[in-house]
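Visitor: Quick one: the structure is below, questions incoming.
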Amino acid sequence: QVHLVESGGGLVQAGGSLRLSCAASGSGFSIGDVGWYRQAPGKQREPVASITGGGSINYADSVAGRFTISRDNAKNTVYLQMNSLKPEDTGVYYCNAILGFRGYWGQGTQVTVSS
């Protein structure tokens, strides 16, 4: 019954922006640590950004300075603001959230950046 839903993906031109959301429902727990990951065709899934329940944040070097992760605990939602997008940012973006004893994956949202 735990449900993680990513949204906000789409097609943008290089230099554009998108804001992704990861919303949790159906859990008796508030979201703990949350990570955003992405997977390009033919490549393995890689971490993009993370935020702990206490607000500690990490970014992959490839996105630092362009992406911002944040959370709204009252809504059990984590956001990823993506600015100055590059074609190499293209991929399916997944959220993984700790809820109670384990992490849960969402279904992903497609981000495509055209040159």
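The values are calculated or read from the model by the stated rules, or taken from the named source; none is laboratory data. Every value quoted in this text rests on a predicted model; they were computed, and no experiment measured them. Note that each Cβ is placed from the backbone with ideal geometry, even for glycine, and that neighbours are counted across all protein chains shown. Accessible surface is based on the protein model in full, side chains and every heavy atom, while ligands, DNA and RNA are left aside. Shrake-Rupley method; radii C 1.70, N 1.55, O 1.52, S 1.80 Å.
Visitor: How many Å² of accessible area per residue for the chain, probe 1.4 Å?
Guide: On the way: 6050 Å² over 115 residues.
Averaged over the residues of the chain, the accessible area is 53 Å².
Visitor: Accessible area of the chain with a 1.4 Å probe: how many percent of it is carbon plus sulfur? Walk me through the numbers on the way to the answer.
Guide: Details: 2920 of 6050 Å².
Carbon and sulfur atoms account for 48 percent of the accessible area of the chain.
Visitor: A further question on this structure: Which value in nm describes the separation of the simple spin-label points at A14 and T52, placed 7 Å from the Cα toward the beta carbon?
Guide: Label at A14, label at T52, 3.7 nm between them.
Visitor: Here is a further query. Taking 4 °C and 1.567 mPa s as the conditions, I'd like the Stokes-Einstein D for the stretch 1-55 in µm²/s, using the Kirkwood hydrodynamic radius from alpha carbon pairs.
Guide: On the way: Rh = 13.4 Å.
Estimated via Stokes-Einstein, D reaches 97 µm²/s.
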